[in-house]
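Have a look at the structure below, then the notes.
The values are calculated or read from the model by the stated rules, or taken from the named source; none is laboratory data. These figures come from a predicted structure and were not determined experimentally. Note that we place each Cβ from the backbone using ideal geometry, even for glycine, and neighbour counts take in every protein chain shown.
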Amino acid sequence: MKESKTTYSYLIEHMQHPSFQKIWDNAFDFVKKLPAELSDELHESLNRGVDVLDSEPLLQMYIYAFGKMHNAKLQYAFSNMNERVINNKQIEIIDYGCGQGLASICYHDFIMEHNPDQQISRITLIEPSPLALSRAELLCSCFYPNTEIIAINKTFDNLTSDDIKVSSDVPILHLLSNILDVDSYNLNHLIDIVKEISGKNNEYIIVSPIQNATRIQRLKTFASNIGCSLYYEKYMDKRQLDKERDWTCAVLLCTNTTQQEIIESDCEKILEETKAILDNKKQDLNSTCCKELLSKLQVCAELGNKRCQNMLGIWHEVGIGTEKNYQKALEWYQKAAEQGYSAALVNIGNLYCFEEGVEKDYNIAFRYYKMAAEQNNETAINNIASCYYRGYGVGKNIEHAIKLYTEAAMMGNVMAINSIITLFEKREGIEYFGDEQYDVFILAAQKGIISISTITRYWSNLENSRFEDSDGVQYSNDGRRLLCTNMYFNPNK
C-alpha cells in the first residue's frame, strides 16, 4: 500500500518539479540532523545496501549513502541505451528489487531531458520490503502522476510470471539496479520468469557494483540466458565513473530487438533529419551539421538501406555536406535501384534526361521512368507523360501524354495537375479532354491551385473558338511549370 499520511509523504506529494536531487536533499537534511554516533549506527545497519530495509530511518540513510552512486550508474547506462528506446512514444517499466524506486526515479530525470513527451503507461515495482515498496509507490506516483503503478511485495524466489502484467504491444524497459549481484535468491528462477513475461520489444538495464568475479558472473549469466543480445558491456574501476569517488560499476545492456531492427530504426531517424535539411531552403548546405549528417547517412547507405542510398544520391547531386558529384549520385541511385526502389529509378532517369554527370540519353531516361511507373510512382508517371508530350525517348503522342498526366494528377502529383491546366489553356490536345480531365480541375480547386469560378468559365467555353483570358487562375507556390521541366527527383515515394 502506498505510503500516505506521513510527514514524508506530505512533503513528497507537494513537491514541485520532482527530481532525484530533491529526494536526496531531503535524505541529506534528515541524516545531518542526527548525532554522529546514531548516523554511523544507521549506516552500518545498511550492510552495504544489501539487507532489506525495515525502518523509515534506514530508508533515508540508504538514499543518503547510496543514492548518488545509484544515480550515476543509471544515468551512465541510460546514456548508452539504443536511441530507439529513448525515442519510443510509449513504454512500460519493470523495476526489479526496486527498493524505494530509485531506478524508476532516475529514469524520470533522464527521459525528461531527452524525450519529455514519452509516455510511461505502467510501472511494476517488485520489492520484498513492505516499507520500501510503499515508499516506492509514493515516489513513483509523484514522479509519474499519469502512470499506472503496480506494486508486488514478494521475494524473487516467491515471484511467478502471473504476478506481472505486461502489454504485448508496448516496449518494456527492465531495470535491474544493484540486484543481480545479490546471491540470496535463485537466479535461474528469475531468468525463467523474465523469459516468460518478455514481450516483443524488451530492453534490459543492468547495473551493479564490482565486488568479485562470482557476483559479476551472475550478471553475465542473466544476460546470456534471457534470450536477448548483449549490445553494451562496460566495467569501471574506482574513479572511472566519477573521478572523485571510489565507486565501481558494471553496466550491461541487452535487447531482444534484432540488430537489423535497430539499424532500420536508426536509419529511419537519420533519413528524417536529412529530409528536413533538404526541405530547408535557408539551410547552409556546407555547415558542420550537414557534414556530420552526411557521414551518418553514408553509414546507413552502406548497411544497405535503400531509402538512405537514394537520399545519399540526392545529397551528392545537390551538394549537401559535400561538393556536387553526379557520378557518386548515380552510383548510390543505382544501388537503391538494384533493390527495386522506384524513387531511385526516377532519379537516374532525371540524370539522363537533364544531362547531369552523364551524356544526355532520352531513351535511357524513358526506360528508367517506365520501370518506376510500373511500381505506380506518380513522379515517374508524370515524367513519362512529359516524354510522350515532347517525344523524348518515345514517339510523340499528345493523347497518351494527357492520359498519363491525368493518371499522375489524380494520384496527387501537383506537376501533372499544372500540366493538365496548362495544356487546356493552350488548347493543346483539347479534343482529348473529357470527364477525367474535369476531375483533375476539381482536384486542383481542392488543392487551391485554381478557383472554382475559373473552372466554370473554362469549361463553359469548351465549345467556343476562343478561350477567355486566364486572369484569376490561382496557382500553387510552385507556379506553372511546363512539361519536361516537371521532372524532378522525389525522395519520398
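Would it be correct to say that Ser141 is over 24 Å from the mean Cα position of the chain (by Cα), in a helix (DSSP H, G or I) and among the hydroxyl-bearing types (Ser, Thr, Tyr)? Judged against the criteria, Ser141 is a match. The number of residues in region 11-32 being surrounded by fewer than 15 Cβ atoms within 10 Å (Cβ to Cβ) and in contact with a Ser or Thr (Cβ under 9 Å, 6 or more places away or on another chain) comes to 2. When Ser121 is tested against the conditions (1) in a helix (DSSP H, G or I); (2) of a type in the set (Gly, Ala, Ser); (3) more than 20 Å from Lys22 (Cβ to Cβ), the lone failure is (1).
From the list Asp162, Asp181, Asp95, the lone residue that is of a type in the set (D, E, K, R) and loosely packed, with under 15 Cβ neighbours inside 10 Å is Asp162.
Regarding Tyr458, is this residue in the same structural domain as Gln375 (by TED's automatic domain parsing), surrounded by 18 or more Cβ atoms within 10 Å (Cβ to Cβ), at pLDDT 95 or above and of a type outside the set (A, V, I, L, M)?
Working: in the same structural domain as Gln375 (by TED's automatic domain parsing): yes; surrounded by 18 or more Cβ atoms within 10 Å (Cβ to Cβ): yes; at pLDDT 95 or above: no; of a type outside the set (A, V, I, L, M): yes.
So Tyr458 fails the test.
Just one of the listed residues (Ala416, Ala372, Ala409) is under 38 Å from the mean Cα position of the chain (by Cα), surrounded by 22 or more Cβ atoms within 10 Å (Cβ to Cβ) and under 30 Å from Asn325 (Cβ atoms), and it is Ala372.
Of Ile320, Ile314, Ile348, Ile277, which residue is assigned by TED's automatic domain parsing to the domain that holds Asn377, of a type in the set (Val, Ile, Thr), closer than 27 Å to Tyr369 by Cβ and assigned to a loop (DSSP other than H, G, I, E, B)?
Details: Ile314 fails: assigned to a loop (DSSP other than H, G, I, E, B); Ile348 fails: assigned to a loop (DSSP other than H, G, I, E, B); Ile277 fails: assigned to a loop (DSSP other than H, G, I, E, B).
It is Ile320.
Could you look through region 263-302, keep only residues that are in contact with a helix residue (DSSP H, G or I) (Cβ under 6 Å, 6 or more places away or on another chain), within 26 Å of Tyr232 (Cβ to Cβ) and modelled with pLDDT under 85, and pick out the one that is surrounded by the fewest Cβ atoms within 10 Å (Cβ to Cβ)? So, considering only residues that are in contact with a helix residue (DSSP H, G or I) (Cβ under 6 Å, 6 or more places away or on another chain), within 26 Å of Tyr232 (Cβ to Cβ) and modelled with pLDDT under 85, the one surrounded by the fewest Cβ atoms within 10 Å (Cβ to Cβ) is Ser265.
Residues Val170, Val207, Val166: which one is assigned to a loop (DSSP other than H, G, I, E, B), aliphatic (A, V, I, L, M), touching a helix residue (DSSP H, G or I) at 6+ places or on another chain (Cβ under 8 Å) and touching a residue at least 40 places away in the same chain (Cβ under 8 Å)?
Values: Val170 fails: touching a helix residue (DSSP H, G or I) at 6+ places or on another chain (Cβ under 8 Å); Val207 fails: assigned to a loop (DSSP other than H, G, I, E, B).
Being assigned to a loop (DSSP other than H, G, I, E, B), aliphatic (A, V, I, L, M), touching a helix residue (DSSP H, G or I) at 6+ places or on another chain (Cβ under 8 Å) and touching a residue at least 40 places away in the same chain (Cβ under 8 Å) holds for just one of Val170, Val207, Val166, which is Val166.
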